[in-house]
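The values are calculated or read from the model by the stated rules, or taken from the named source; none is laboratory data. Here the structure is a predicted model, which is why all the values come from computation and not from measurement. Quick reminder, even Gly has a Cβ in these numbers, built from the backbone with ideal geometry, and neighbours come from all protein chains shown.
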Ligand SMILES: *[C@@H]1O[C@H](CO)[C@@H](O)[C@H](O)[C@H]1NC(C)=O
Ligand SMILES: *[C@@H]1O[C@H](CO)[C@@H](O)[C@H](O)[C@H]1NC(C)=O
Ligand SMILES: *[C@@H]1O[C@H](CO)[C@@H](O)[C@H](O)[C@H]1NC(C)=O
Ligand SMILES: *[C@@H]1O[C@H](CO)[C@@H](O)[C@H](O)[C@H]1NC(C)=O
Ligand SMILES: *[C@@H]1O[C@H](CO)[C@@H](O)[C@H](O)[C@H]1NC(C)=O
Ligand SMILES: [Zn+2]
């Protein structure tokens, strides 16, 4: 019987080991503890796999509009959330970053698709080179980075921000943004990453439609039916690929979006030039929520010119922005914000380009809400939930991946019902079961007895043999790999 128990096999940072001439009883205590620790380690190594897919601008009710057999299959096999309240402003970049951070835009710092930083005199634009300046993204840490810091591998196919080195980290595997790369190529790449030698456990996939068609055609156009049916076919392609590679039953698949879309009209255009001279301010971002940076000393003049100018438009001083938007506490939010009512467009002059569909409005509006379906071993089957907030997705994904979430604005308990009960991974403290359970109590008692036994023995060892103390703190025992 080998009595030499080396704790290096449990934690690589520890160098102490127990002296060999101890009693069989003592060593069996340690052995039992070691088995317990190794078992929890093994459980963590068998990582759950997660694929997060965003179809940009896929409004929640598009699935009811034409037959969408692939979305239906995911709902039957998994869960559907009817209304996901996304974060203000309901634009692409802010919301994609919210999905992977659980933070409102004012906290994660990507407050708009087009931003200006007054202190650094820098402009961020979706199609401009500043997107690759990691500084814009570093007010938060996205999930793919946290996953990698825990020793796992992430892969991203075009997810906004995923080709930027954030905090020095690119995803383990990623594609540089290129809108011309077909959906099928992105899928093939992700599947290779899940199966490859440097296998990922967390993948992200982004597709530009139906947002683009929604803007061009307007969501009420009958032509959108074709676009939605095509998205369903793309989802079908992904399902087939996952099935043919044996991943379908292993990977947790979440299909969602950043925002919805609403119909616009040529009769609902507000021209800012009518009310205030463009010499008095700089215009940041686009309709329906526009940042206004007044020229030096012109804030009150611009504000009073716009204040009661049009019943379909509101202007807020930054400090007046409604609290429920959680859109105030960031330097990148301009001193004045203009917001127009649903369906309205604000421009400086009517000669600017006009779209038939748009998003960005109040995040309480149903038209702004994205689709949400998910299936896989972590999810319940055939379950419909009425409501969640998009900030809750981050703690949900952390739970599936067995990662400790960073501080965020979401709540796991609000969405826990989407998960099968056993999927809750290695928590830092034993969970309080919904129904008090006998097995849980016995397990806890045994565990506590084991730890106390070990500690008693440890004290004995130190006092009797004057070993170097081992700083085996509680947190190191319970989260060896985190
Ligand atoms: C801000 O940057 C622009 C060029 O990006 C430059 O033209 C302008 O002078 C700068 N303004 C200040 C105040 O530095
Ligand atoms: C973008 O992807 C298309 C299609 O795969 C390819 O032809 C093109 O060269 C790519 N562009 C860049 C800049 O890589
Ligand atoms: C639109 O009108 C404004 C004001 O009349 C003018 O300054 C601007 O050049 C025009 N833009 C285009 C694209 O015609
Ligand atoms: C946003 O919509 C909600 C729900 O309709 C409403 O209560 C709230 O006042 C709206 N906020 C603003 C600023 O219009
Ligand atoms: C969102 O979470 C961050 C990080 O915990 C926190 O600093 C911020 O105050 C939260 N925002 C709200 C509105 O609670
Ligand atoms: Zn979008």
Legend entry - For residue 325: the one exception among (1) in contact (Cβ under 8 Å) with a residue 24 or more places away in the chain; (2) under 30 Å from residue 71 (Cα atoms); (3) surrounded by 17 or more Cβ atoms within 10 Å (Cβ to Cβ): (2)
Inset, instruction - Just need a number here: residues in region 110-122 that are touching a residue at least 24 places away in the same chain (Cβ under 8 Å), away from ligand 6 (no atom under 16 Å from the Cβ) and farther than 14 Å from residue 290 by Cβ. - result: 3
Inset, instruction - Please enumerate the residues belonging to region 74-127 that are assigned to a strand (DSSP E or B) and either farther than 17 Å from residue 333 by Cβ or within 16 Å of ligand 2 (Cβ to nearest atom) (or both). - result: 79, 80, 81, 82, 83, 84, 85
Legend entry - region 96-135: number of residues that are touching a helix residue (DSSP H, G or I) at 6+ places or on another chain (Cβ under 9 Å) and more than 16 Å from ligand 1 (Cβ to nearest atom): 18
Inset, instruction - For region 372-412, enumerate the residues that are surrounded by 21 or more Cβ atoms within 10 Å (Cβ to Cβ), part of a loop (DSSP other than H, G, I, E, B) and touching a strand residue (DSSP E or B) at 6+ places or on another chain (Cβ under 6 Å). - result: 376, 378
Legend entry - Scan of region 321-357 for residues that are touching a helix residue (DSSP H, G or I) at 6+ places or on another chain (Cβ under 8 Å), within 16 Å of ligand 4 (Cβ to nearest atom) and over 24 Å from residue 121 (Cβ atoms), ordered by number: 326, 342, 346
Legend entry - Answer residue from region 175-208, given it is under 17 Å from the mean Cα position of the chain (by Cα) and either within 16 Å of ligand 3 (Cβ to nearest atom) or assigned to a strand (DSSP E or B) (or both) and is farthest from residue 230 (Cα to Cα) among those: 202
Legend entry - Hey, residue 220 touching a strand residue (DSSP E or B) at 6+ places or on another chain (Cβ under 6 Å), modelled with pLDDT of 95 or more, more than 28 Å from residue 150 (Cα to Cα) and away from ligand 2 (no atom under 16 Å from the Cβ) or not: yes
Inset, instruction - Please work out if residue 238 is in the same structural domain as residue 372 (by TED's automatic domain parsing) and either under 24 Å from the mean Cα position of the chain (by Cα) or in contact (Cβ under 8 Å) with a residue 24 or more places away in the chain (or both). - result: yes
